[in-house]
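Peer 1: Just dropping this structure here.
What follows draws every value from the coordinates through simple rules; no lab data is involved. Small disclaimer: the values here were computed from a predicted structure and weren't measured. For neighbour counting, all protein chains shown are included, and Cβ atoms are generated from backbone atoms with ideal geometry for every residue, glycine included.
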Amino acid sequence: MCLTRPVHQLPAENLAGWWNKLSLFRDDITDVGSHMLYFDLDVVITGSIDPLLFYDSDFAIIDNPYTPSFNSSIMRFKTGARPDIWTDFSEKIAKCLPGDQDWLAIKVPDADLWPEGWCVLFRLHATQSVPQAARAVCFSWRPNPDDYPAGWIKDFWH
């Protein structure tokens with residue numbers, strides 16, 4: 001069974017790829033304010049992020065329509081409220097799960113989902129244009145924003 005408590009704490013600097021994201025939930029991060037708003041580097045902001053900044057939730061994330069998990073490209077969470085996401089994580093878990101999103105779905109199954117249309121996936125919603133309500137477009141894995149010649153990307157991606 002992969003999901004047993006870790007026998008040791010995994011140092012953040014030893015993590016590879018997307019697993020680094022979980023270190024945002026360390027309990028020693030205290031000087032960033034009451035909430036954190038996180039964006040993957042391949043997210044294109046297409047509208048005002050004020051609604052994301054002030055969304056009334058202690059944990060908001062994108063639904064993943066491809067699997068029964070989340071898409072962690074854009075998250076907002078209460079600082080320090082879920083240290084177990086980090087403290088319960090181990091190298092063994094990283095080897096058993098496909099990615100951080102699956103671990104977040106296990107640890108925070110009751111997370112709030114962003115309102116429909118705010119945070120959209122490029123391949124499903126924005127290949128030709130940006131949906132009107134979109135605040136941000138997520139490029140999960142491939143293509144990345146600079147790999148695709150859609151005209152609207154040049155308007156937002158710098």
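Peer 1: What does DSSP give for the chain in terms of the percent of beta bridges that are antiparallel, rounded to the nearest 5? Before the final figure, lay out the partial values.
Peer 2: Values: 12 of 17 bridges.
Antiparallel bridges make up about 70 percent of those DSSP assigns within the chain.
Peer 1: Once R0 is set to 35 Å, what does the formula 1/(1 + (r/R0)^6) return for the Cβ-Cβ distance between PHE54 and THR30, expressed as a FRET efficiency to the nearest 0.05? Numbers along the way, then the final one.
Peer 2: Values: r = 21 Å, r/R0 = 0.60.
In this case the efficiency is close to 0.95.
Peer 1: Starting from the Cα of LYS107, draw a straight line to each of the lysines and keep only those under 28 Å, dropping any in the same chain fewer than 8 residues away.
Peer 2: LYS21, LYS78, LYS92, LYS95
Peer 1: Using a 10 Å cut-off around each Cβ, can you sort MET75, MET36 from fewest to most neighbouring Cβ atoms?
Peer 2: Working: MET75 25, MET36 15.
Ranking MET75, MET36 by Cβ neighbours within 10 Å, fewest first, gives MET36, MET75.
Peer 1: Out of these labelled values of log10 I(q)/I(0) by the Debye sum over Cα atoms at q = 0.11, 0.16 Å⁻¹, (i) -0.58, -0.99; (ii) -0.39, -0.82; (iii) -0.45, -0.93, which was calculated from the coordinates shown here?
Peer 2: (iii)
Peer 1: Another one. Could you calculate the contour length gain from ASP146 to GLU91, that is, 0.36 nm times the residue separation minus the distance between their Cα atoms, to one decimal place in nm?
Peer 2: Working it through step by step, the gained length comes to 16.6 nm.
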